[in-house]
1. Considering only the stretch 209-221, how many residues are surrounded by 14 or more Cβ atoms within 10 Å (Cβ to Cβ) and out of contact with any Asp or Glu (no Cβ under 9 Å at 6 or more places or on another chain)?
2. Just to be sure before I move on: is Ala133 more than 15 Å from Glu193 (Cβ to Cβ), in a loop (DSSP other than H, G, I, E, B), of a type in the set (A, V, I, L, M, F, W, C) and modelled with pLDDT under 95 in the structure I sent?
3. Condition check: assigned to a strand (DSSP E or B), β-branched (Val, Ile, Thr) and without any contact (Cβ under 8 Å) to a residue 12 or more places away in the chain. Does Val101 satisfy that?
4. Which residue is nearest to Arg90 (Cα to Cα), if the candidates are limited to the stretch 52-77 and must be in a loop (DSSP other than H, G, I, E, B) and hydroxyl-bearing (Ser, Thr, Tyr)?
5. Condition test on Ala230, is it closer than 28 Å to Gly96 by Cα, among the small types (Gly, Ala, Ser) and either touching a Lys or Arg at 6+ places or on another chain (Cβ under 6 Å) or at pLDDT 95 or above (or both)?
6. Taking the conditions exactly as written (over 21 Å from Glu169 (Cβ atoms), free of Cβ contacts under 8 Å to residues at least 60 places away in the same chain and open to solvent by 60 Å² or more (accessible area, probe 1.4 Å)), does Arg282 satisfy them or not?
7. Have a look at Asp294, Asp278 and point out the one that is modelled with pLDDT of 95 or more and under 24 Å from the mean Cα position of the chain (by Cα).
8. If you check Val228, Val183, Val257, which single one turns out to be open to solvent by 20 Å² or more (accessible area, probe 1.4 Å), within 26 Å of Leu293 (Cα to Cα) and either out of contact with any Gly (no Cβ under 8 Å at 6 or more places or on another chain) or in a helix (DSSP H, G or I) (or both)?
Amino acid sequence: MYSSDRPDPVRRRRRFDDHDDDDEPRPRPGRADTAALDLDGRAGHDPDTAEIPGGADRWSTWTGLPAVSRGPHPRPGWLVTDAGAVDHERGVLKTGKEADVHLVERGLPGHDGVLLAAKRYRDPAHRMFHRDAGYLEGRRVRRSRETRAMARRTALGRDLIAGQWATAEFAALARLHGAGAPVPYPVSVDGTEVLLEFLGTADGRAAPRLAALRPDPDELAALWRDLVDALGVFADLGWAHGDLSAYNVLVHRGRAVLIDLPQVVDVVGNPQGPEFLDRDVRRIGEWFVAHGLDPAAPADLLSDLRERSRIG
């Protein structure tokens, strides 16, 4: 999923901001130009009707998305980008207060597809973004009207915040993946849906969470090294995970992979940034110490991360 050859640490400070608003009209999901339709097999099918081949649930959303909403380069070989590809819903992987994660199979009709995780944030009437005030400090939107609406939690503001969670998670994953952090490859973002690399087995069994495991001493040491390396990449970017625990770390093929990243925090731009960083290390450290890690290790890690984040 990611290379073991880490890039050099990224020292250039960059604020964590959502993508700027795109003033150009956005193509409708599933639409493609005539040439692409003819080449990829979507010709003769209306994407706005139920006439989708192979009993699929929808056309692939890839073709109708702007470049900024598609996964970063270099793109993995397993990524399906054909305009004629379709998506099959294969069940629910996880339900949560703010989003549900679904298993989706994407591929060309009549061919085996690739499994993806579709994280879908809840609509305004059903979501519970109860912690957004602290996480959103230090983020910016282009229009002052939108900033005021978000601050006042008006109906418009709540909708904007919901959209920011999906966009923020996609942007964070793209940046982290490019920097060499162990995170799922972000395939695309479309409204409140983020499509991600599926971490699990070919039959659709998701990789276990760290909290569900009882590693032996060697495995524990290896997983701690993975976490140290991963959080070091965050720190070099000036970021903290913001909600790190053993429940949002997956263990895939023996390696720790960080997930659930909509609340990534700029530790300098957010007034509460240092507190989020301290809490991340404390919570994940408590789990490791409870399973046999040297009790001094989390404090050593926090000291290093604060230095690399340049917050002292």
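The values are calculated or read from the model by the stated rules, or taken from the named source; none is laboratory data. Because the structure is a prediction, the values reported are computed rather than measured. Backbone-built Cβ (ideal geometry, glycine too); neighbour counts: all protein chains shown. These area figures cover heavy atoms from the full protein model, side chains too; ligands, DNA and RNA do not enter into them. Shrake-Rupley method; radii C 1.70, N 1.55, O 1.52, S 1.80 Å.
1. Step one: of the stretch 209-221, the residues surrounded by 14 or more Cβ atoms within 10 Å (Cβ to Cβ) are 209-210, 213, 215, 219-221.
Right, trim to out of contact with any Asp or Glu (no Cβ under 9 Å at 6 or more places or on another chain) and you get 209-210, 215, 219-221.
Within the stretch 209-221, residues that are surrounded by 14 or more Cβ atoms within 10 Å (Cβ to Cβ) and out of contact with any Asp or Glu (no Cβ under 9 Å at 6 or more places or on another chain) number 6.
2. Details: more than 15 Å from Glu193 (Cβ to Cβ): yes; in a loop (DSSP other than H, G, I, E, B): no; of a type in the set (A, V, I, L, M, F, W, C): yes; modelled with pLDDT under 95: yes.
Considered against the rule, which asks whether it is more than 15 Å from Glu193 (Cβ to Cβ), in a loop (DSSP other than H, G, I, E, B), of a type in the set (A, V, I, L, M, F, W, C) and modelled with pLDDT under 95, Ala133 comes out as no.
3. Numbers: assigned to a strand (DSSP E or B): yes; β-branched (Val, Ile, Thr): yes; without any contact (Cβ under 8 Å) to a residue 12 or more places away in the chain: no.
Spelling it out, it is not the case that Val101 is assigned to a strand (DSSP E or B), β-branched (Val, Ile, Thr) and without any contact (Cβ under 8 Å) to a residue 12 or more places away in the chain.
4. The initial filter retains those residues of the stretch 52-77 that are in a loop (DSSP other than H, G, I, E, B), namely 52, 56-57, 60-66, 71-77.
The next check asks that each one be hydroxyl-bearing (Ser, Thr, Tyr); those that pass are 60-61, 63.
Working: Ser60: 15, Thr61: 17, Thr63: 21 Å.
The residue in question is Ser60.
5. On the way: closer than 28 Å to Gly96 by Cα: yes; among the small types (Gly, Ala, Ser): yes; either touching a Lys or Arg at 6+ places or on another chain (Cβ under 6 Å) or at pLDDT 95 or above (or both): yes.
Here the answer is yes, as Ala230 does meet what is asked.
6. When the stated conditions are applied, Arg282 passes them.
7. Details: Asp294 fails: under 24 Å from the mean Cα position of the chain (by Cα).
Criteria check complete, one pass: Asp278.
8. Details: Val183 fails: open to solvent by 20 Å² or more (accessible area, probe 1.4 Å); Val257 fails: open to solvent by 20 Å² or more (accessible area, probe 1.4 Å).
Going through Val228, Val183, Val257 in turn, the sole match is Val228.
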